[in-house]
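For reference, the structure discussed in these notes is given below.
The values are calculated or read from the model by the stated rules, or taken from the named source; none is laboratory data. Owing to the predicted nature of the structure, the values given are computational and were not obtained by experimental measurement. Please note: Cβ atoms are built from the backbone with ideal geometry, for glycine as well, and neighbour counts cover all protein chains shown.
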Amino acid sequence: MIKGMTVVNAVASPEMFDKLQSLFLALGFEQGRGWDDGTGRGAAMLAPLGNLEFVTGKQPATPRLLIEVTELDAIHMAVEKWMLGSYRTEEIASLLTKPEPTHWNSRLFTVKLTTGASEELTLGFWQSENVLHGRPVAIEGDLSAAGMRFAVITTRWNTVITDRLLQGALDGLYRSGAARKDVEIVRVPGAWEIPSAARTLAESKRFDAIVTLGCLLRGETAHYEAIYNEVARGIGQSQQETGVPHAFGVLTCETLEQALDRAGLKAGNKGFEAATAAIEMVSIQKKIGQPQIAEGGR
């Protein structure tokens, strides 16, 4: 079984060796186990991903040593800052290029490291323009609710909050393509009753997902903790035992002001967030078991 891959790059002078090691450490590379046998030295720089690439025909004009990054502009600034400690300002302009587009769907900049002995070593730093490049293949949900059926449970207690949550949830479902006939709203007295209703609706097998909405405000007694713990446990247990996704949109806040903020006033609408989470989970369940196509190339 192949374990790893190491590319050995010979450096002509100890001065260049120290300069190269200093740059890589400044950029955050993890230092592996080095060696010094009296006749030479080695320094290992570890990266989470390595590639060995073979080319033929017309080759792109890139340095032999290419380093892929995710924040090219930030890396460019870090390299420039490091160079200010080793080179004169007027030298840097000729040694460090600006990030430029390439013909292989990426951006690239190069840096030349020099020594007093006129030795040069060129490094290339690049970032793919494909935002999915290098990402592991994963099953992810879409946000299209077309053809899906949802039950939305809300409470009559704290309706000044839960009505706002309900409005946000319905907005999320309808904006994502759910038909009004495929969304059923169920009102229960309070948060305590949500798990029971959720379980009944899930076991009916009429819905692809359940959206639970409610609001608990801390009072001056332990009632708040007791109710919240059982509500969260009950909703989670219903989801696990029925296999139907349950989106959790039950607010637990210290004050009414905090609840209003989370119901659309300042901090988004938790009902909308719960609805989109439900849509995504239904999509994921439908995709599980289907073959996924890996992305290739740069």
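Observations on the structure shown:
- Counting the residues of the range 254-263 that are surrounded by fewer than 20 Cβ atoms within 10 Å (Cβ to Cβ) and either part of a helix (DSSP H, G or I) or not acidic (Asp, Glu) (or both) gives 6.
- Criterion applied to 66, 49 was being touching a residue at least 60 places away in the same chain (Cβ under 8 Å), in a strand (DSSP E or B) and not acidic (Asp, Glu), and the one residue passing it is 66.
- Among the residues of the range 93-122, those that are part of a strand (DSSP E or B), free of Cβ contacts under 8 Å to residues at least 60 places away in the same chain and more than 25 Å from residue 11 (Cβ to Cβ) comprise 100, 101, 107.
- Lone unmet requirement of (1) part of a helix (DSSP H, G or I); (2) of a type outside the set (Lys, Arg); (3) more than 21 Å from residue 70 (Cα to Cα) for residue 12: (1)
- In the range 86-122, the qualifying residues are those that are touching a helix residue (DSSP H, G or I) at 6+ places or on another chain (Cβ under 6 Å) and among the basic types (Lys, Arg), and the one that is nearest to residue 23 (Cα to Cα) is 112.
- Hey, residue 53 modelled with pLDDT under 80 and not aliphatic (A, V, I, L, M) or not: yes
- Verdict on residue 75 being modelled with pLDDT of 85 or more, surrounded by 10 or more Cβ atoms within 10 Å (Cβ to Cβ), part of a strand (DSSP E or B) and of a type in the set (Val, Ile, Thr): no
- Given (1) in a helix (DSSP H, G or I); (2) outside the structural domain of residue 235 (by TED's automatic domain parsing); (3) in contact (Cβ under 8 Å) with a residue 60 or more places away in the chain, number of the condition residue 170 does not satisfy: (2)
- Residues satisfying the stated conditions in the range 103-127, i.e. modelled with pLDDT of 90 or more and of a type in the set (S, T, N, Q): 106, 110, 114, 122, 127
- Any hit, the range 228-245, residues being among the aromatic types (Phe, Trp, Tyr), in contact (Cβ under 8 Å) with a residue 24 or more places away in the chain and in a loop (DSSP other than H, G, I, E, B): no
- Residue 266 satisfies every condition listed in (1) outside any helix (DSSP H, G or I); (2) of a type in the set (Lys, Arg); (3) at pLDDT 95 or above except (3).
- In the range 203-239, residue surrounded by the most Cβ atoms within 10 Å (Cβ to Cβ) [restricted to those that are out of contact with any strand residue (DSSP E or B) (no Cβ under 9 Å at 6 or more places or on another chain) and within 24 Å of residue 173 (Cβ to Cβ)]: 234
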